[in-house]
Amino acid sequence: MSDDLQGTIPLVDASVVDRWDKEWMHYLSTESKWPHLIQSSKLRVQTDVRHLERAEIFATSLTMTADAIPMAPLRIWATGSELVQRSVAEIGCGAGFLGKQIGLIATRYLGIDVSQLALAIARGNSGPNCSYLHIGERTLIAQEFGKYDTVLGREFFIHQNFPNAMQVLRLAKELLVGVAGYVPTSICRIQTSNKAWFIQPAPSSTLTMRLVRLLFQLGRFKSSRRTSD
Ligand SMILES: C[S@@+](CC[C@H](N)C(=O)[O-])C[C@H]1O[C@@H](n2cnc3c(N)ncnc32)[C@H](O)[C@@H]1O
């Protein structure tokens with residue numbers, strides 16, 4: 001591992017990989033598997049999301065099955081224009097639930113995760129413009145720096161303590177095109193508990209973007225792009 005990647009790509013212990021692989025095994029044996037196992041080629045885009053705002057995207061179901069069963073709402077804090085025909089990355093992508101759908105409207109999608117099991121499922125179910133990397137593939141991840149218009153984290157930050165969340169935001173910043181940008185995520189509200197910080201889904205767009213800005217300030221990031229909310 002090269003030293004110059006220290007500080008930009010989080011180092012993850014093997015025990016964390018093991019823990020998340022086990023989480024996924026447990027999850028897939030107890031919850032409904034089909035949304036995770038269905039292939040993107042079996043999904044159809046049912047909503048034109050290009051002009052939707054963040055709150056609309058959050059609640060919108062993008063795709064449906066051939067039997068017209070809608071996939072779950074997107075639950076991400078991004079506008080349609082930040083997704084459609086954009087290059088999109090997701091940190092903590094899991095089994096590609098989101099990636100295989102976003103790949104149907106984005107020019108390309110990159111998912112990064114710590115669970116090899118989840119990544120194997122994601123690779124098997126996503127389209128050709130989707131690629132997946134393990135967080136430990138540091139050199140390959142570094143080759144993706146500066147290539148993405150939008151970086152997402154869905155139901156991810158809630159699992160990170162504050163130092164980890166800051167490291168992930170640093171990685172997100174490196175992935176973004178140019179030197180500055182912002183990370184539309186499902187961040188909304190920060191709670192402190194036992195000195196760990198949890199970032200949870202947001203009740204309002206204003207609060208969300210204020211807190212994203214706060215995180216950037218705390219992490220000494222710059223946000224150059226203005227947002228409407
Ligand atoms: C609740 S799942 C969400 C998966 C996906 N974002 C979705 O919405 O379907 C959280 C994911 O974060 C991954 N994860 C946890 N810590 C991570 C880390 N430090 N780096 C990368 N991925 C991580 C887990 O392996 C898991 O797949």
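We did not get these values from a lab; they are worked out from the coordinates using the rules stated. From a predicted model like this one, the values you see are computed outputs, not experimental measurements. Every residue, glycine as well, gets a Cβ built from its backbone with ideal geometry; the counts of neighbours run over all protein chains shown.
Computed quantities for the displayed model
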read-out: Simple label model, 7 Å out from Cα along Cβ direction - residue 164 to residue 23, nm; value: 0.6 nm
read-out: Residues whose placed amide H lies under 5 Å from that of residue 71, excluding near-sequence neighbours; value: 63, 64, 65
read-out: Neighbour-count ranking [beta-carbon atoms within 10 angstrom, fewest first] of 18, 13, 149; value: 13, 18, 149
read-out: Violating pairs (Cα-Cα greater than 22 angstrom) within the set 42/100; 22/173; 33/173; 22/42; value: 22/173; 33/173; 22/42
read-out: Estimated FRET transfer efficiency (residue 143, residue 15; beta-carbon r; R0 35 Å; 0.05); value: 0.80
read-out: Spherically averaged projected area in nm², based on the convex hull that wraps the Cα atoms of the range 1-79; value: 8.4 nm²
read-out: Label-point gap, in nm, between residue 155 and residue 107 - each point 7 angstrom along Cα→Cβ; value: 3.0 nm
read-out: FRET E, pair residue 5, residue 48, Förster distance 25 Å, beta-carbon r, rounded to 0.05; value: 0.05
read-out: Residues whose placed amide H lies under 5 Å from that of residue 144, excluding near-sequence neighbours; value: none
read-out: Other-chain or far-sequence residues with amide H under 5 Å of residue 111's (modelled H); value: 90, 131, 132, 133
